[in-house]
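K.L.:
Mind having a look at this structure? Questions to follow.
The values are calculated or read from the model by the stated rules, or taken from the named source; none is laboratory data. From a predicted model like this one, the values you see are computed outputs, not experimental measurements. Cβ: placed from backbone, ideal geometry, glycine included. Neighbour counts: every protein chain shown. Just the protein is used for accessible areas: all its heavy atoms, side chains included, with ligands, DNA and RNA removed. Shrake-Rupley method; radii C 1.70, N 1.55, O 1.52, S 1.80 Å.
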Amino acid sequence: MPYTDAAQLCSRLIRFDTTNYGGGSSQGERGIVEYIAGLLIEAGYQPTVLGPTYERASVMLRVPGTNPDLPGLLVHGHLDVVPAEPDQWSADPFAGTIEDGYINGRGAADMKDMVAMSLATLLNWAAAGVRPQRNVVFAFVADEEDKGDYGAVWLAEKHPELFEGVEAAIGESGGTATLLEAADGSTVRLYPVATGERGTAHIQLRATGTSGHGSRPNEDNPVKHLLDALQRISNHNWPLALSKTVQSYLEQSNEALGYSVDLSTEAGVDAAVEHIGEAGEVARATIRCSATPTVLKAGYKVNVIPSVAEAEVDVRCVPDSEAETLATIDQLLGEKVSRVFLSHQPPLESPVDSQWFAAIRDALLRHDPEAVVVPHCLGGGTDAKAFAPLGIQCYGFVPHGADPEGRTYQGVHGIDERIPVSFVRTGQRILHDFLTAV
Ligand SMILES: [Zn+2]
């Protein structure tokens, strides 16, 4: 069997339009799922295709290790992509062209790259007769770009047996070389690996009151109750809340750049964040909780006071802070406004001092002896939130080595998404190395 090139495979996967419009509306993952399952079957594997509907399917594969007594590992990647508006792109978002050292198209960096790297690794293992030491479960899933109800959440809830014996997982966000300028002017290659995610609590607020004529104001107007509550929420200063992950991230990356830090004050944290440039801007969303009003619904006629007013608020809380955060929200809401969850996924944090993190660091160091591998926390979320309730320690690790000519990926969830060919090729080698060594 010939060697499978992950970059060519990534380009092929982009040509499946797997747009996820949200709310259950989607192009579906069936086509790509059958393509992937077909390749795996041809290589001698026995994948399982399953999902809550025919169109919204995922591919699962368990590769038995040579030492099945070792705890298992999950490798997950999503097959769907966010919408792309072709008018705004300089080329067809689903052409998957390879030009000037880049693979172009929707999903190139989020995350058909990782799916292609994983799949190429599997096909090359089959060709060379390679098996990992431990059982490795691969999950190529639907619906990450919405709520995962047709993908990871469904699989974890309805088919936990597929994940039996799995202790840790690697998936989206982390593992890419980020070039930073050190205090002495030299360049440091930082590889953040996700060990935490802020939790998501999307809440709906509801204020009830006394309806009446708009010309006769009353004190029990639900629109006013709601606005007062939203104002308190918007003006609230969330205190610094550094999780273990964020603390290690700021300390270790600053140390690598030659800066000393004091994380006990706002000013000290601010300086630590600023030293690490763009990587720090991402970290800014993880040093405290946040609550952002996003939707307002009230009234139907200008001269009528309605009896109900509603709003939606996007609440994100750092690891270990959820109960406190929700208690604060309740205080800010006051007595006139109640809340319910629209969606609720608690924060997660995996140990930094684990054998898993060490194995990730070792694989990156074998590829790049000067790599600085640091834990980091995501401000938002990934499918890891669906797998964590199964007791799985989740790490964000999609390896990409630095491009020799300084290329990087662009356009994730935006226009002209692309990823350097070198990211996908080096990444596949690092992934293979990690999966066989771990
Ligand atoms: Zn993604």
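K.L.:
Sort out which residues of region 155-177 are out of contact with any strand residue (DSSP E or B) (no Cβ under 7 Å at 6 or more places or on another chain), more than 30 Å from VAL340 (Cα to Cα) and not in a loop (DSSP other than H, G, I, E, B), and write them in order of number.
P.N.:
Selection gives GLU161 alone.
K.L.:
Ok, one more. Only residues that are crowded, with 17+ Cβ neighbours inside 10 Å and among the aliphatic types (A, V, I, L, M): list them for region 194-226, please.
P.N.:
The answer is ALA194, ALA201, ILE203, LEU205, ALA207, LEU226.
K.L.:
Give me the residue from region 391-421 that is assigned to a strand (DSSP E or B) and within 16 Å of the ligand (Cβ to nearest atom) and, out of that set, modelled with the lowest pLDDT. Lay out the reasoning, then the answer.
P.N.:
Of the residues in region 391-421, the ones assigned to a strand (DSSP E or B) are 393-396, 400, 410, 418-420.
Narrowing the set further to residues that are within 16 Å of the ligand (Cβ to nearest atom) leaves 394-396, 400, 410, 418-419.
Values: CYS394: 98, TYR395: 98, GLY396: 98, HIS400: 96, GLN410: 93, ARG418: 98, ILE419: 98.
So, considering only residues that are assigned to a strand (DSSP E or B) and within 16 Å of the ligand (Cβ to nearest atom), the one modelled with the lowest pLDDT is GLN410.
One line per residue, one yes/no per condition, for (1) hydrophobic (A, V, I, L, M, F, W, C); (2) on the phi < 0 side of the Ramachandran plot; (3) within 16 Å of the ligand (Cβ to nearest atom); (4) surrounded by 15 or more Cβ atoms within 10 Å (Cβ to Cβ):
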residue	(1), (2), (3), (4)
SER354	no, yes, no, yes
PRO369	no, yes, no, no
THR382	no, yes, yes, yes
HIS432	no, yes, no, yes
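K.L.:
What's the number of the condition VAL246 fails, among (1) open to solvent by 40 Å² or more (accessible area, probe 1.4 Å); (2) within 22 Å of the chain's Cα centre (by Cα)?
P.N.:
All conditions pass for VAL246, except number (1).
K.L.:
Considering only residues that are among the polar types (S, T, N, Q) and either outside any loop (DSSP other than H, G, I, E, B) or not assigned by TED's automatic domain parsing to the domain that holds ASP149 (or both), look in region 84-129 and name the one that is farthest from the ligand (Cβ to nearest atom). Steps first, answer last, please.
P.N.:
Looking only at region 84-129, we keep the residues that are among the polar types (S, T, N, Q), and these are 88, 90, 97, 104, 118, 121, 124.
Then drop every residue that is not either outside any loop (DSSP other than H, G, I, E, B) or not assigned by TED's automatic domain parsing to the domain that holds ASP149 (or both), which leaves 88, 104, 118, 121, 124.
Details: GLN88: 20, ASN104: 17, SER118: 14, THR121: 19, ASN124: 24 Å.
Filtering region 84-129 for residues that are among the polar types (S, T, N, Q) and either outside any loop (DSSP other than H, G, I, E, B) or not assigned by TED's automatic domain parsing to the domain that holds ASP149 (or both), the one farthest from the ligand (Cβ to nearest atom) comes out as ASN124.
K.L.:
Show me the strands (runs of 3 or more DSSP E) entirely contained within region 1-83 in which 1 or more residues are out of contact with any Leu (no Cβ under 9 Å at 6 or more places or on another chain), of a type outside the set (Phe, Trp, Tyr) and buried (at least 20 other Cβ atoms within 10 Å of the Cβ). I'd like the intermediate steps shown before the answer.
P.N.:
Details: elements: 20-22, 48-50, 58-63, 72-78.
The strands (runs of 3 or more DSSP E) meeting that bar are 20-22, 72-78.
K.L.:
Also: Please verify whether LYS158 is away from the ligand (no atom under 15 Å from the Cβ), of a type in the set (Lys, Arg), assigned by TED's automatic domain parsing to the domain that holds PRO47 and open to solvent by 40 Å² or more (accessible area, probe 1.4 Å), treating the condition exactly as stated.
P.N.:
Values: away from the ligand (no atom under 15 Å from the Cβ): yes; of a type in the set (Lys, Arg): yes; assigned by TED's automatic domain parsing to the domain that holds PRO47: yes; open to solvent by 40 Å² or more (accessible area, probe 1.4 Å): yes.
Yes.
K.L.:
Which count do you get for residues in region 263-282 that are within 22 Å of the chain's Cα centre (by Cα), open to solvent by 60 Å² or more (accessible area, probe 1.4 Å) and not charged (D, E, K, R)? Break it down stepwise before answering.
P.N.:
Our first condition is that a residue be within 22 Å of the chain's Cα centre (by Cα); within region 263-282, this holds for 273, 276-282.
Among the residues that remain, those that are also open to solvent by 60 Å² or more (accessible area, probe 1.4 Å) are: 278, 281-282.
Now restrict to residues that are not charged (D, E, K, R): 282.
Result for region 263-282: 1.
K.L.:
Tell me which of these SER260 doesn't satisfy, since it passes every other one: (1) open to solvent by 50 Å² or more (accessible area, probe 1.4 Å); (2) in contact with a Ser or Thr (Cβ under 6 Å, 6 or more places away or on another chain); (3) among the hydroxyl-bearing types (Ser, Thr, Tyr); (4) closer than 30 Å to GLY277 by Cα.
P.N.:
Among (1) open to solvent by 50 Å² or more (accessible area, probe 1.4 Å); (2) in contact with a Ser or Thr (Cβ under 6 Å, 6 or more places away or on another chain); (3) among the hydroxyl-bearing types (Ser, Thr, Tyr); (4) closer than 30 Å to GLY277 by Cα, the lone unmet condition for SER260 is (2).
K.L.:
Kindly establish whether ASP320 is of a type in the set (D, E, K, R) and without any contact (Cβ under 8 Å) to a residue 60 or more places away in the chain. Outline the logic, then answer.
P.N.:
Numbers: of a type in the set (D, E, K, R): yes; without any contact (Cβ under 8 Å) to a residue 60 or more places away in the chain: no.
No.
K.L.:
In the set MET117, MET111, which member is touching a His at 6+ places or on another chain (Cβ under 7 Å) and under 24 Å from ALA168 (Cβ atoms)? Let's see the steps before the verdict.
P.N.:
Numbers: MET117 fails: touching a His at 6+ places or on another chain (Cβ under 7 Å).
Going through MET117, MET111 in turn, the sole match is MET111.
K.L.:
Count, please, the residues in region 399-430 that happen to be charged (D, E, K, R), open to solvent by less than 30 Å² (accessible area, probe 1.4 Å) and touching a helix residue (DSSP H, G or I) at 6+ places or on another chain (Cβ under 8 Å). It would help to see each step written out before you state the result.
P.N.:
As a first pass, look at region 399-430 and keep what is charged (D, E, K, R): 403, 405, 407, 416-418, 425, 429.
Next cut, open to solvent by less than 30 Å² (accessible area, probe 1.4 Å) only: 403, 417.
Next cut, touching a helix residue (DSSP H, G or I) at 6+ places or on another chain (Cβ under 8 Å) only: 403.
Of the residues in that region, 1 qualify.
K.L.:
While we're here: Show the residue pairs that are 6+ apart or on different chains and have beta-carbon atoms under 9 Å apart, the first residue being within region 402-416 and of a type in the set (Lys, Arg), the second being away from the ligand (no atom under 16 Å from the Cβ) and open to solvent by less than 60 Å² (accessible area, probe 1.4 Å).
P.N.:
Pairs found: ARG407/GLY101; ARG407/TYR102; ARG407/PRO420; ARG407/VAL421; ARG407/SER422.
K.L.:
Let me ask you something else. Could you list, ordered by first residue, the pairs with Cβ atoms under 7 Å in which the first is in region 285-313 and within 15 Å of LEU205 (Cβ to Cβ) and the second is open to solvent by less than 60 Å² (accessible area, probe 1.4 Å) and among the polar types (S, T, N, Q), at least 6 apart or interchain?
P.N.:
From region 285-313, the pairs are GLU310/GLN204; GLU312/GLN204.
K.L.:
I'd like to know if region 211-234 contains one or more residues that are touching a Lys or Arg at 6+ places or on another chain (Cβ under 9 Å), small (Gly, Ala, Ser) and away from the ligand (no atom under 16 Å from the Cβ).
P.N.:
Yes; the residues of region 211-234 include at least one that is touching a Lys or Arg at 6+ places or on another chain (Cβ under 9 Å), small (Gly, Ala, Ser) and away from the ligand (no atom under 16 Å from the Cβ).
K.L.:
Would you say LEU73 is touching a residue at least 24 places away in the same chain (Cβ under 8 Å), of a type in the set (A, V, I, L, M) and more than 15 Å from the ligand (Cβ to nearest atom)? Lay out the reasoning, then the answer.
P.N.:
Details: touching a residue at least 24 places away in the same chain (Cβ under 8 Å): yes; of a type in the set (A, V, I, L, M): yes; more than 15 Å from the ligand (Cβ to nearest atom): yes.
Considered against the rule, which asks whether it is touching a residue at least 24 places away in the same chain (Cβ under 8 Å), of a type in the set (A, V, I, L, M) and more than 15 Å from the ligand (Cβ to nearest atom), LEU73 comes out as yes.
K.L.:
Can you name every residue in region 283-310 that is at pLDDT below 95, of a type in the set (A, V, I, L, M, F, W, C) and either surrounded by fewer than 19 Cβ atoms within 10 Å (Cβ to Cβ) or more than 18 Å from the chain's Cα centre (by Cα) (or both)?
P.N.:
ALA285
K.L.:
Here's a follow-up. Is there a residue being open to solvent by 10 Å² or more (accessible area, probe 1.4 Å), touching a strand residue (DSSP E or B) at 6+ places or on another chain (Cβ under 8 Å) and closer than 13 Å to ILE419 by Cα anywhere in region 112-135?
P.N.:
Taking every residue of region 112-135 in turn, none turns out to be open to solvent by 10 Å² or more (accessible area, probe 1.4 Å), touching a strand residue (DSSP E or B) at 6+ places or on another chain (Cβ under 8 Å) and closer than 13 Å to ILE419 by Cα.
Here's the yes/no breakdown for (1) in contact with a Gly (Cβ under 8 Å, 6 or more places away or on another chain); (2) in a strand (DSSP E or B); (3) β-branched (Val, Ile, Thr); (4) within 16 Å of the ligand (Cβ to nearest atom):
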| position | (1), (2), (3), (4) |
| --- | --- |
| GLU145 | yes, no, no, yes |
| VAL153 | no, no, yes, yes |
| LEU179 | yes, yes, no, no |
| ALA194 | yes, yes, no, yes |
| HIS202 | no, yes, no, no |
